[in-house]
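Worksheet: one structure, shown below.
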Amino acid sequence: MAEAALTPEDILTAAEEVLRRYGPAKATVVDVARALGVSHGTVYRHFPSKAALRGAVTRQWLDRAHAALPGIAAGPEEPRERLRLWLGALFRAKQEKALADPELFATYQVLVDENSELIAEHVSGLEAQIAGIIDEGQQVGSFVPGDPGALGHVVFQATAHYHDPGYAGEWSRPGVDEDFEAVVGFVLRGLAV
């Protein structure tokens, strides 16, 4: 690939492939550069460090995995149904990633652990989407009064078993979908007026 035409997106795509092939412990910036046919200095012109590149890969993966969530949060459904749909979409996105490519998902777990500040920012954004739904539910009298931000945090934590990668090993067991629906039902009943 010509160095002048190289974009950050090209580098991120190659980095994801290198991580898939070698795993996070062995993948290097030199491997990414080699996959692109450029010098490692070219990669460093776009990403100042290996950590920055890995952080960008993590952000891209999270953004891609959760791309549908903002649209659901802003959807036309009544807030109770919208929250159910949003939580379901989050669980299914994580479940599908974990089950479809367990090796790559394990790689992303390592990257997530390395990028705690990025993850905190991402989780804050997800909780803000939940808070927005709760706020609308409060305005129409569907949900109990209270700080929507605090309630959004509680809902996110209460459903962590179904989106925290640490529980991914349980997402393929029989009955997990029914258990998820039961937890979401419990959360929604707890928010109901």
Quick check on region 137-158. Is at least one of its residues part of a helix (DSSP H, G or I), surrounded by fewer than 19 Cβ atoms within 10 Å (Cβ to Cβ), within 14 Å of the chain's Cα centre (by Cα) and outside the structural domain of Thr13 (by TED's automatic domain parsing)?
no
Which residue pairs have Cβ atoms closer than 6 Å, lie 6 or more positions apart in sequence or on different chains, and pair a first residue in region 2-16 that is charged (D, E, K, R) with a second residue that is at pLDDT 90 or above and part of a helix (DSSP H, G or I)?
Glu3/Thr42; Glu16/Val57
Identify, please: which residue in region 120-136 is touching a residue at least 40 places away in the same chain (Cβ under 8 Å) and under 22 Å from Gly55 (Cα atoms) and is, among those, surrounded by the most Cβ atoms within 10 Å (Cβ to Cβ)?
Leu126
Pairs, please: C-beta under 8 Å, at least 6 apart or cross-chain, first residue surrounded by 16 or more Cβ atoms within 10 Å (Cβ to Cβ) and in region 159-170, second among the small types (Gly, Ala, Ser) and in a helix (DSSP H, G or I)?
Pro165/Ala98; Ala168/Ala98
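Here's the yes/no breakdown for (1) in contact (Cβ under 8 Å) with a residue 24 or more places away in the chain; (2) surrounded by fewer than 17 Cβ atoms within 10 Å (Cβ to Cβ); (3) of a type outside the set (Phe, Trp, Tyr):
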{"position": "Leu36", "(1), (2), (3)": "yes, no, yes"}
{"position": "His46", "(1), (2), (3)": "yes, yes, yes"}
{"position": "Lys50", "(1), (2), (3)": "no, no, yes"}
{"position": "Arg64", "(1), (2), (3)": "no, yes, yes"}
From (1) within 23 Å of the chain's Cα centre (by Cα); (2) farther than 24 Å from Phe186 by Cα; (3) not aromatic (Phe, Trp, Tyr), pick out the condition that doesn't hold for Gly88.
(2)
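Quick check on Glu77: is it in the same structural domain as Thr107 (by TED's automatic domain parsing), more than 15 Å from Glu127 (Cα to Cα) and loosely packed, with under 14 Cβ neighbours inside 10 Å? Talk me through it step by step, then tell me what you get.
Values: in the same structural domain as Thr107 (by TED's automatic domain parsing): yes; more than 15 Å from Glu127 (Cα to Cα): yes; loosely packed, with under 14 Cβ neighbours inside 10 Å: yes.
Here the answer is yes, as Glu77 does meet what is asked.
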Looking at region 10-51 only, could you name the residues that are within 22 Å of Asp63 (Cβ to Cβ), at pLDDT below 95 and charged (D, E, K, R)?
Glu16, Glu17, Arg20, Lys50
Which condition from (1) at pLDDT below 95; (2) surrounded by fewer than 16 Cβ atoms within 10 Å (Cβ to Cβ); (3) over 15 Å from the mean Cα position of the chain (by Cα) is the one that Asp113 breaks?
(3)
Among helices (runs of 4 or more DSSP H) entirely within region 1-117, at least 3 residues that are more than 26 Å from Asp164 (Cβ to Cβ) occur in 8-22, 29-36, 40-46
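The values are calculated or read from the model by the stated rules, or taken from the named source; none is laboratory data. If you're wondering where the values come from, they're calculated on a predicted model, not measured in any experiment. All Cβ positions, glycine included, derive from the backbone under ideal geometry; neighbour counts span all protein chains shown.
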